[in-house]
Each structure stands twice: as structure tokens, then as C-alpha cells.
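Novice: Quick one: this structure, given as C-alpha cells, is what I'll be asking you about.
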Amino acid sequence: MSVDAVETMISVPYVDLGADPSSELARELLASVQEILTSGQFILGAAVDEFERQFAEVCGVKHAIGVGNGTEAIILTLRGLGIGAGDEVITAANSFLASASAIVMAGATPVFADVRDDLNLDPAAVEAVITERTKAILPVHLTGRPAEMGALLEIAERHGLRVIEDAAQAVGAASNGLPVGSFGAAGCFSLHPLKNLAAAGDGGVITTNDDRLADWLRQARNHGLRDRNTCDFWSVNSRLDALQAAMLTVKLRCLDKWTVARRANAAYYRERLADVVTVPIEKPEEYSVYHTFVIQAERRDELQRFLAERRIGSAVHYPIPIHLQPAAMDLGYRLGSLPVTERLAGQILSLPVHPKLNEEQLAHVVRAIRDFYGA
Ligand SMILES: *Cc1c(COP(=O)(O)O)cnc(C)c1O
């Protein structure tokens, strides 16, 4: 077969979530499931405790609290910090919509600040929208790149605000050697199947160094129960399943390896694409984990179709900024409110960057993009 014929057969799925049944990982996952099935301990218990202990260690914090999903992690954290009706929380509009919907579901009002070309909150824009009702800043470590925590924490300190990190995309990322999830009053993580550390279903986890908040959250995820029969406050049922926790503990051992593979894929793209599209860079103090590898491209939609013709998956995270969602109508934003966010929405494209990609696939993506731009 000619080189061209081989080339035309390569396909590059955007994600590849299934486990190879013959792999060592699949065997270990099944063994962990078997253990839970045999024990009959399905709700909370030792498997959840162990996952929480190890997750806290990874994030360099005292406490990790497993919850139902990443969205509820944010809702519960806001409630736990006493943030609700009449309060404003500043966040980014170029995130998954849960960053904002969680604020609304906690009873508070999301206020959007614009981002910079690095896709993360612009600290100056954050400071500009602070009012006497602002209670917290909720930076998103979008794409797995740490937000500018130094500046945001300084602003929060000066204005007496809490900082809650939406670290759903950023497990393992660090800034100045400190893990995300350890900067703010709390860090909120998602364990959704698409995230870098993924459950076989929904899951979430909250990190904090605050003993009182941790105690409150453990109670709040379990109906507000202090013990089996005493309820101190009304709350929801939002627990991380023991089955998920057991599998996640197995997967946690692979997280570093997967992150290194994502970072190598990102470096491969960066070296070979920087002259034709805008690629994400890394500052010396940043350690990004590339949940997504987001380029900024001219003729983005055309490029995406061109890639699809060459069997290369890609995605747009996210095509409609949150402030322009139908659900956000009553918040009073319009086209033009957040110029950088809105411009980026038309230029961003997420390339496949998952750890299972091989060099042939990466080269296929690079060749396709260079061909598209005639480079
Ligand atoms: C995935 C995600 C969430 C929500 O997590 P779920 O577990 O799906 O509820 C919140 N914020 C961001 C930035 C996300 O990527």
C-alpha cells in the first residue's frame, strides 16, 4: 500500500472512553467492582473514605469530599460558605454552563467577567464588576490550564471575597508548584466520564483546608444528617457511589501517566502548528493538564469540516457563551457585553488530545491542519 493509502485510513476520534477489556487497568477495575459487590457497602464507607484520602493528597489539601457530580460540588460549596439569595458571584461565560447554573441553583446571581486570550478570567475585568453584593469569585481553570490565581486571590483578599475554584477540567494542574483546588476556600472537581479523572458515570469531589466547611459538606451531601436519625438542616442527597470511588482509586494511580501523555500530545501540536493557528502556551509557573487542547483558528467552521472529512474528530468548547444562553436572558447581557469571550467563541476548536493517541494519529492531525491553510 502507498503512503497516501495508509494515510487515508487513519482516523482520530476526539475521545476514546472505553477500556480495553484485556488491559491490566480493566482487570484492576473489575476487581475493585467485585470487592464492592461482595462487601455490599454501596453508600459511603471505606471505599469512598479511601478515595477521598488519596484525592486530598493529590491536591495537597486536608479534606476531599465525594459528591454526586461536579455541578453539585459547586452548589453545595456555595451554600456551605453561606452564599445565596441576594449575593453575586463573579465567573467566566466561556465555561461549561454549570459554572453559572450552579450559582443560580444556590440562589445567588452569576456576574460574568471577560476573559483574556488564554481563555481564563481577566483579573482586571473581575475587579471592574465587583459590587457591594459580590460575595465570591469562581474562576474556572478552563481546558486544564490554571487561572491566574495570584492576582485573583489578591483581589478577593482586598475586597473580602471568597474564592471557589471550578477545577472540573483541571485535576492535577498546578500553578507555581501548588495544585489547583488548594488555592481558594474550596475546589470543585467533576469526575464525569469526559474529564481527565473519570468515573464510569457521574461523580464529583470538593477539596478544602477548612475543617468546618468540610464537616458541613459531609453532612450536606447526606440530607443534612448529623447521625443516622438527626437532621440539623435541610439538604440534598449527593453522594459519590462506593462503586465509583473504588474504580476511581484504581484510576488515580494512572492519573500522572495520563497527564504526561496529554502534555506530550499538546507539546507535539504546539511545535508543529504555532505558525498556522494560535496554540495554547504555558508560562513557566503553569502546569496545564490539557483536558482540552484548544486552538484559535481562522475559518474555524470550515477547518472543522475539513478535519471531519479526514476522519479527525474535534469539538467547540463552547459555541454559545453562557451569558448569551436563552436561560441567561433575565441576567441582562447582550451580544457585545463580553467582547473577548464572544470573539473566542467563533475561533476556538478543541483537537483530540486524549492519552490513547499515537504518533501516527497526531501527525495526521498536524498534516490536515497544515494542508487546510496551505502551509
Ligand atoms: C464538567 C464541568 C462541570 C460540571 O460537572 P458535572 O460533573 O458534569 O456536573 C462544571 N464546570 C466545568 C468547567 C466543567 O467542565
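Novice: What shape does the chain take by its C-alpha gyration tensor, where a ≥ b ≥ c are the square roots of the eigenvalues and a/c under 1.5 counts as rounded, a/b above b/c as prolate, and the rest as oblate?
Specialist: Values: a/c = 2.07, a/b = 1.22, b/c = 1.70.
Since a/c reaches 1.5 but b/c is at least a/b, the shape of the chain is classed as oblate.
Novice: Pick out which of LEU349, LEU29, LEU121 has the largest mean-square fluctuation in a Gaussian network model of the chain, springs linking Cα atoms closer than 10 Å.
Specialist: In this elastic network of the chain, the residue with the biggest mean-square fluctuation among LEU349, LEU29, LEU121 is LEU29.
Novice: Across every pair of different alpha-carbon atoms, what Kirkwood hydrodynamic radius in Å does the stretch 25-109 reach? Don't skip to the end; give the middle numbers.
Specialist: Numbers: mean 1/r = 0.0652 Å⁻¹.
It works out to 15.3 Å.
Novice: Then there is this: In debye to the nearest 20, how big a dipole does the stretch 255-372 give about its Cα centre with +1 on each Lys and Arg Cβ and -1 on each Asp and Glu Cβ?
Specialist: Details: 16 positive and 15 negative charges, 45 e Å.
Once rounded to the nearest 20, the dipole reads 220 debye.
Novice: Just the number please: accessible area per residue for the chain, 1.4 Å probe, all protein chains included, in Å².
Specialist: On the way: 16660 Å² over 375 residues.
For the chain, the solvent-accessible area averages 44 Å² per residue.
Novice: Out of the chymotrypsin sites (Phe, Trp or Tyr not before Pro) in the stretch 214-287, which ones are loop residues according to DSSP with at most 11 other C-beta atoms within 10 Å? Display every interim value, and only then the final one.
Specialist: On the way: sites: TRP216, PHE233, TRP234, TRP258, TYR268, TYR269, TYR287; in loops: PHE233, TRP234.
Passing sites in the stretch 214-287 are TRP234.
Novice: Something else about it: Nothing charged except the Cβ atoms of Lys and Arg (+1) and of Asp and Glu (-1): what's the magnitude of the dipole of the chain about its Cα centre? Round to the nearest 20 debye. Numbers along the way, then the final one.
Specialist: Numbers: 35 positive and 47 negative charges, 68 e Å.
It works out to roughly 320 debye.
Novice: I've got another one for you. Springs between alpha-carbon atoms under 10 Å, Gaussian network over the chain: tell me which of ARG162, ARG221, ARG311 tops the mean-square fluctuations.
Specialist: Looking only at ARG162, ARG221, ARG311, the biggest GNM fluctuation is shown by ARG311.
Novice: Computing the accessible area with a 1.4 Å probe over protein heavy atoms, can you report the carbon and sulfur percentage for the stretch 24-252? List each step's numbers first, then the result.
Specialist: Values: 4730 of 9010 Å².
That share works out to 52 percent.
Novice: With θ set to phi - 60°, apply the Karplus curve 6.51 cos²θ - 1.76 cosθ + 1.60 along the stretch 85-93 and write out the HN-Hα couplings as whole Hz, x wherever there is a Gly or Pro.
Specialist: 3, x, 9, 10, 10, 8, 8, 9, 9
Novice: Calculate how many DSSP beta bridges within the chain are antiparallel, expressed in % of all such bridges and rounded to the nearest 5.
Specialist: Numbers: 23 of 39 bridges.
About 60 percent, rounded to the nearest 5.
Novice: Using a 7 Å offset from the Cα along the Cα-to-Cβ direction at both GLU24 and GLU57, what is the distance between the two label points in nm, to one decimal?
Specialist: About 1.9 nm, to one decimal.
Novice: Given C-alpha coordinates of the stretch 129-259, what is the ratio Rg to Rh with the Kirkwood estimate of Rh? Don't skip to the end; give the middle numbers.
Specialist: Numbers: Rg = 16.2 Å, Rh = 16.2 Å.
We get a ratio of 1.00 for the stretch 129-259.
Novice: Continuing with this model, one more query. Using a 1.4 Å probe on the protein chains only, how many percent of the accessible area of the stretch 255-372 belongs to carbon and sulfur?
Specialist: On the way: 3020 of 5660 Å².
It is 53 percent, rounded to a whole number.
Novice: What are the ³J(HN,Hα) couplings of the stretch 176-193, residue after residue, when phi is run through the Karplus curve with 6.51, -1.76, 1.60 and θ = phi - 60°? Round to Hz, x for glycine and proline.
Specialist: 6, x, 9, x, 5, x, 10, 8, x, 4, 7, x, 10, 10, 9, 10, 3, x
Novice: I would also like to ask the following. Distance cut-off 19 Å, Cα to Cα: go down the list LYS62/LYS195; LYS195/LYS251; LYS251/LYS356; LYS251/LYS283; LYS195/LYS356 and report the pairs above it.
Specialist: On the way: LYS62/LYS195 23 Å; LYS195/LYS251 12 Å; LYS251/LYS356 15 Å; LYS251/LYS283 28 Å; LYS195/LYS356 14 Å.
As for pairs spanning more than 19 Å Cα to Cα, those are LYS62/LYS195; LYS251/LYS283.
Novice: In a Gaussian network model over the chain where Cα atoms closer than 10 Å are linked, find which of PRO284, PRO319, PRO110 has the largest mean-square fluctuation.
Specialist: The residue with the greatest mean-square fluctuation here is PRO284.
Novice: Next question. Taking the inverse of the average 1/r across all pairs of different Cα atoms in the stretch 255-372, what Kirkwood radius in Å do you get? Don't jump to the answer; show the numbers that get you there.
Specialist: Values: mean 1/r = 0.0643 Å⁻¹.
By the Kirkwood definition, the hydrodynamic radius is 15.5 Å.
Novice: Which net charge results for the neighbourhood of VAL58, defined as the other residues with beta-carbon distances under 12 angstrom from its beta-carbon, given Lys and Arg at +1 and Asp and Glu at -1?
Specialist: Values: positive: ARG53, LYS251, ARG253; negative: GLU52, GLU57, ASP256.
Result for the neighbourhood of VAL58: 0.
The values are calculated or read from the model by the stated rules, or taken from the named source; none is laboratory data. None of these values were measured; they are calculated from a predicted model. All Cβ positions, even for glycine, are placed from backbone atoms using ideal geometry, and neighbour counts span all protein chains on display. Accessible surface is based on the protein model in full, side chains and every heavy atom, while ligands, DNA and RNA are left aside. Shrake-Rupley method; radii C 1.70, N 1.55, O 1.52, S 1.80 Å.
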